[in-house]
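What follows is a single structure, written as structure tokens, with notes after it.
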Amino acid sequence: MRLAIFVDQVFWLDGSRLSTDESYILFPASFKEFVDEIVFIGRLSPAAGRAPYPLEGGRFSLFAMPFYKNLYQLWRNDPRVYWEIAKAARQQAKTWDALLVCGPHPIGHIIARACIALGVPVLPIVRQNFIEQMSAHRGVKRLAALAAARILEWDFRRIARDRTVFTVGKEMAAEYAPLSGRVHNHFPCLVDSAQFEVFSKMSAGSDPTRLIKVCRLAPEKGHKYLFAALVELNQRGLRCHVDIVGTGPIEQELRAILAKLGITEQVTFHGYVPYGPSLFDLYQKAGALVLSSTTEGFPQVINESLSIGLPTIATRVGGIPSFLTHGETALLVPPRDPSALASAIESFVRDAELRERLRNRGRALMRDNTLEANRDRILEGVREEIARHKA
């Protein structure tokens, strides 16, 4: 099987060595043992280099898209670029057995339609609520982003009609179910069985007031709600510290918010920390993982933290409430609600029995949801869709 996978990621080439900087790629890369070749479709950096996540093993290739920093830059491109992409996709797709396309995304739609025209099976992957994600922007940019998001969402649903669809979380599964009777809820996981055994020998930190938040520094990640919760906890006589791992466009804005609230010393920015020993060390110093996002697919960091025995406190968005149970495997709160988040953190800090239950049951949940289990669900769906087309 020659499986093509569209992901909106940047790839780097150093000679023949292909790599990328987003850990999500490790999940589809794990398919390599079960297919002849994986063709990743993504942006090729104009500069040669090496990123933290190499694609090794000889079964990977890249169908390179024009480089763009973000979707706004893409939309401002010469319209002829899209025609060139469609033309190249029609040639490339003749050799593909199936296409997995993460969306909505304008280039993903072009490639999907090229495959449909050639009779190549297309399987959409919906990782999160795209309209909700775009609504996190502000000002004029927000209006433009929402308008574009609604058009793209409408078009992606047309592509998904009568096809096998993979969604992250019950929310998007319910949205796409009327379009297809073959909607599968899945959770892309980077923790394989071997890594789970390594993680299971680790443990969370002993200080429940030391929290960690691992994500991109972007509006939809809801940092400001966590900061407001810290202020409220201070007023309740409970002082917590947050280690923030990640980079993004709003770092200076977040630092300004902390200064205005007077809690700068309660937050440490660690910048980008690659998946590996340095990140695991931060996990083991923390008492809990806190995610305050307003929209999500399913954050990989949850898989990692649960495997280590690091309890999770998160907002009830995206695929999170489909996988985690409040009070059993995590503490879940409504998005954009600092008071609810503060109360959950306070309950966690003051209740040792609750902390132990979350550690044990979270780790038990991950034992049955490793990379292999989730990978097999995707590949089974791909094989069934190919067989359906042949029939």
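Quick notes on this structure:
- Straight-distance crosslink candidates among aspartates and glutamates, where the alpha carbon sits under 17 Å from Lys69 and sequence neighbours closer than 8 are dropped: Asp8, Asp21, Glu22, Asp78
- Where a label projected 7 Å from the Cα of His184 along Cα→Cβ would reach, residues of the range 110-131 with amide N under 15 Å: 121-127
- Take 102-113, 345-356, 117-128, 249-260 and order them by the average number of nearby Cβ atoms within 10 Å per residue, most first; the result is 102-113, 117-128, 345-356, 249-260.
- The convex hull drawn around the Cα atoms of the chain, when projected onto a plane and averaged over every direction, covers 18.9 nm².
- For the chain, built as a Gaussian network whose Cα springs stay under 10 Å, the top-fluctuating residue of Pro274, Pro79, Pro178: Pro79
- Calculated diffusion of the range 266-391, Stokes-Einstein form, Kirkwood radius summed over Cα pairs, 25 °C and 0.890 mPa s, µm²/s: 152
- Reachable lysines from Lys94, criterion Cα separation under 28 angstrom, eight or more residues apart if same chain: Lys32, Lys390
- Extending 7 Å from Cα along the Cβ direction at Asp351 and again at Leu143 yields two label points whose distance is 4.6 nm.
- Cβ-Cβ distance of Glu232 and Arg377, R₀ of 35 Å, FRET efficiency by 1/(1 + (r/R0)^6): the value works out to about 0.30.
- Shown is the FRET efficiency for Glu56 and Ser23, computed with R0 = 22 Å from the Cβ-Cβ distance and rounded to the nearest 0.05: 0.90.
- Contour excess over end-to-end distance, with Cα ends at Asn360 and Ala47 and 0.36 nm allotted per residue: 108.1 nm
- Each Lys and Arg contributes +1 and each Asp and Glu -1, all at the Cβ; summed about the Cα centre of the range 292-360, the dipole is approximately 40 debye.
- Here Lys221 is the anchor, and the lysines within straight C-alpha reach of less than 18 Å, apart from those fewer than 8 places off in the same chain, are Lys141, Lys213.
- Value of D in µm² per second that Stokes-Einstein yields for the range 1-62, Kirkwood Rh from Cα pairs, at 10 °C (1.306 mPa s): 137
- For the range 251-264, 3J(HN,Hα) per residue [Karplus equation, 6.51 cos²θ - 1.76 cosθ + 1.60, θ = phi - 60°, Hz, x = Gly/Pro]: 4, 5, 4, 5, 5, 5, 4, 4, 5, 5, 7, x, 10, 3
- Sites Leu118 and Tyr272, calculated FRET efficiency, Cβ-Cβ separation with R0 35 Å, nearest 0.05: 0.35
- Cα-Cα separations in the range 193-367 greater than 27 Å, expressed as whole percent: 17
- Per residue, the convex hull spanned by the Cα atoms of the range 1-128 measures out at 106 cubic angstrom.
Every number in this text was worked out from the coordinates using simple rules, so none of it is lab data. A quick note: this is a predicted structure, and the numbers were derived from the prediction, not measured. FYI the Cβ positions are ideal-geometry reconstructions off the backbone, even for glycines, and counts take in every protein chain you see.
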